[in-house]
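Enquirer: Handing you a structure now.
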Ligand code: DGL
């Protein structure tokens, strides 16, 4: 069991930020990452559609006989985690919303927390529920920032366009005296826009994302179940449902390491 891989999926390349955090914390683990690039974005689609896609992605990953599934997509975690957990029990299924909420609660001094995410994540309110479950007195404001996804994919993570977009989305949220002291980057794509987001939110706001806390949760589950891999590190395997070359090129930025096009297998996961 300990030699089995950890299966990770996202709507595209954004979840590679989570995969990178897992690889960093658990370098001996084998990772299989699926990006559903053919059907990205998930963030603008209905909960039913995203759940259907998430079920198909997880089913496709079962051929690798994983020891755990990580939903590295905030939108899919927000809507599909209960369905996947029930469908694959006792296989652990980990989402990124609860770890992100935990990071926010730990970081916030006064309990005023802002969450920025896709439309789908904001609409479902999963972050608000997860934060309140951990700290009932917290005040949580949410805002959908869909353009950040395109900016990140395009590689426009700094400069005028990124700064103006961040200002437009965020300035009013942080202008008030009782403004949030913590900002959750509740979307896989947002960590690469930390610079402009920090400028727009103001220097004192603490930015948190789910990547490191999700990796910590994965570590905890493996430790508890005694299924950590100790054999020497194996290279990650990547699957994409469309355009492997683009996955490798854009994905390298999110993964923080070069992904070669021939490392990415084109796969069809629709039924
Ligand atoms: N992976 C999505 C998320 O974290 C962002 C991209 C998309 O909309 O599919 O919510």
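Here, each number is a calculation from the coordinates, and none is a lab measurement. All of these numbers come straight from a predicted model, not from anything done at the bench. With ideal geometry, Cβ positions are generated from the backbone for all residues, glycine too; neighbour counts draw on all protein chains shown.
Enquirer: Using a Gaussian network model of the chain whose springs link C-alpha atoms within less than 10 Å, name the residue from 140, 161, 250 with the highest mean-square fluctuation.
Expert: 161
Enquirer: Which order do the peptides 54-66, 95-107, 215-227 take when ranked by the mean count of other beta-carbon atoms within 10 Å per residue, highest first?
Expert: Put in order of decreasing packing, that is 95-107, 54-66, 215-227.
Enquirer: Gaussian network model of the chain, Cα springs within a sub-10 Å range: biggest mean-square fluctuation belongs to which of 183, 164, 26?
Expert: Looking only at 183, 164, 26, the biggest GNM fluctuation is shown by 164.
Enquirer: Using alpha-carbon positions, what is the distance between the centroids of the stretch 21-77 and the stretch 193-271, in Å?
Expert: 10
Enquirer: Using the Cα gyration tensor of the chain, with a ≥ b ≥ c the square roots of its eigenvalues, what is the shape: rounded (a/c below 1.5), prolate (a/b larger than b/c) or oblate (neither)?
Expert: prolate
Enquirer: Taking a ≥ b ≥ c as the square roots of the eigenvalues of the Cα gyration tensor of the stretch 1-72, is the shape rounded (a/c under 1.5), prolate (a/b larger than b/c) or oblate?
Expert: It comes out oblate by the Cα gyration axes.
Enquirer: Got the relative contact order for the stretch 78-178 handy, in percent, Cα pairs under 8 Å and 6 or more residues apart?
Expert: After rounding, I find 25 percent.
Enquirer: Could you work out the relative contact order of the chain? I mean the mean sequence separation of Cα pairs under 8 Å and 6+ apart, divided by the number of residues, in percent.
Expert: 27
Enquirer: Pick out which of 157, 75, 17 has the largest mean-square fluctuation in a Gaussian network model of the chain, springs linking Cα atoms closer than 10 Å.
Expert: 157
Enquirer: Mean separation of Cα pairs under 8 Å and 6+ residues apart, divided by the residue count of the stretch 1-44: what relative contact order is that in percent?
Expert: So the answer I get is 53 percent.
Enquirer: Answer rounded, prolate or oblate for the stretch 137-271, using the Cα gyration tensor with square roots of eigenvalues a ≥ b ≥ c: rounded when a/c is under 1.5, else prolate when a/b is larger than b/c, else oblate.
Expert: Note, shape of the stretch 137-271 comes out oblate.
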